[in-house]
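The values are calculated or read from the model by the stated rules, or taken from the named source; none is laboratory data. Note that the coordinates shown come from a computational prediction; the quantities given were computed from them, not determined experimentally. As a convention, Cβ positions derive from the backbone with ideal geometry for all residues, glycine included, and neighbour counts pool all protein chains shown.
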Amino acid sequence: MGKRRAKRRGRGPVVAVCVTLALCLLVTGGVVLLVDRISSAFNDWSPHGASGVEPPAGTIQTPPHDELTGPPEVSEVTPADERPPAQAGADERHSPLPAASRPSDAWLDRVSEATGVPRRALEGYAGAQLALAQEHPDCRLSWPTLAGIGFVESHHGTFAGGEIGPDGVTTVDIIGIPLDGTNRTRAVPDTDGGRYDGDVEWDRAIGPMQFIPQTWEIWGASLSGADPDPHNIDDAALSAGRYLCAEGRDLTVGADWEEAILSYNRSRAYVNDVLAYAHAYADAS
């Protein structure tokens with residue numbers, strides 16, 4: 001996977017278990033498996049507390065699907081006032097994003113505690129909302145929608161015991177099973193020569209937002225000025241947001257929101273799950 005992989009060989013790819021079975025995948029790879037470590041939490045946890053099993057990060061009680069008639073209202077994000085000082089300690093530094101695209105520390109602390117979304121993941125989702133509010137104000141993307149996708153796809157980058165590090169990059173690469181037409185996936189022959197997913201025969205979904213390589217090549221973006229990295233939550237959330245906002249969609253309109261999520265993963269169950277988590281996160285915040 002080239003020089004980038006050589007620098008990150010200590011993290012090694014891990015294939016994770018997806019929550020949602022995709023019927024026809026356009027952006028995401030859907031069903032994924034674990035190779036070296038199997039997380040029993042995905043099979044054993046239930047909302048009312050399975051004995052001895054810690055719930056996945058970002059889990060929250062969701063409203064019944066039949067009570068939801070449209071997307072949640074736009075959730076406000078408080079942006080950072082200014083860049084952190086250059087002499088700030090390592091724990092106080094943020095990812096190198098424009099100040100207008102960074103949520104404030106106080107907002108992150110409050111909302112992360114209220115929703116259970118890991119703080120660094122939340123920073124990526126909220127940063128994408130701030131960026132898209134400037135780029136595509138008519139889209140009205142709201143971070144709970146990205147958080148809903150992030151939970152359903154990868155439990156906010158925490159599959160297999162990994163997490164999103166301070167730099168925004170997952171400590172364990174999340175890479176899906178081969179999209180070879182089995183396991184309820186659409187067959188997608190290799191498009192990247194294994195550059196992103198290490199597979200030269202079939203494409204596999206990659207990163208915390210689970211893009212397939214051919215879609216990442218089109219939509220992958222970064223506000224930091226670096227090469228877009230699908231394993232970086234800032235890049236992945238921004239790219240997902242731009243994808244959802246395509247074709248002039250207004251994501252506060254039910255039909256547009258549904259069309260956007262179906263374009264991400266053409267599965268009714270997937271749409272229902274993302275909608276329920278988006279509402280839960282918006283209500284809790």
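So the values come out like this:
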item	result
Single match in Ala255, Ala280, Ala260, Ala221 (criterion: at pLDDT 95 or above, in a helix (DSSP H, G or I) and in contact with an Asp or Glu (Cβ under 9 Å, 6 or more places away or on another chain))	Ala260
Per-region count, the stretch 55-67, residues surrounded by 15 or more Cβ atoms within 10 Å (Cβ to Cβ) and modelled with pLDDT of 90 or more	2
Single residue of Ser263, Ser239 found to be surrounded by 21 or more Cβ atoms within 10 Å (Cβ to Cβ) and within 22 Å of Asp190 (Cα to Cα)	Ser239
Pick from the stretch 169-183, criterion closer than 22 Å to Ala240 by Cβ and touching a Leu at 6+ places or on another chain (Cβ under 9 Å), ranking: surrounded by the most Cβ atoms within 10 Å (Cβ to Cβ)	Gly176
Number of the exception - Gly225 against (1) under 28 Å from Arg120 (Cβ atoms); (2) buried (at least 17 other Cβ atoms within 10 Å of the Cβ); (3) not aromatic (Phe, Trp, Tyr)	(2)
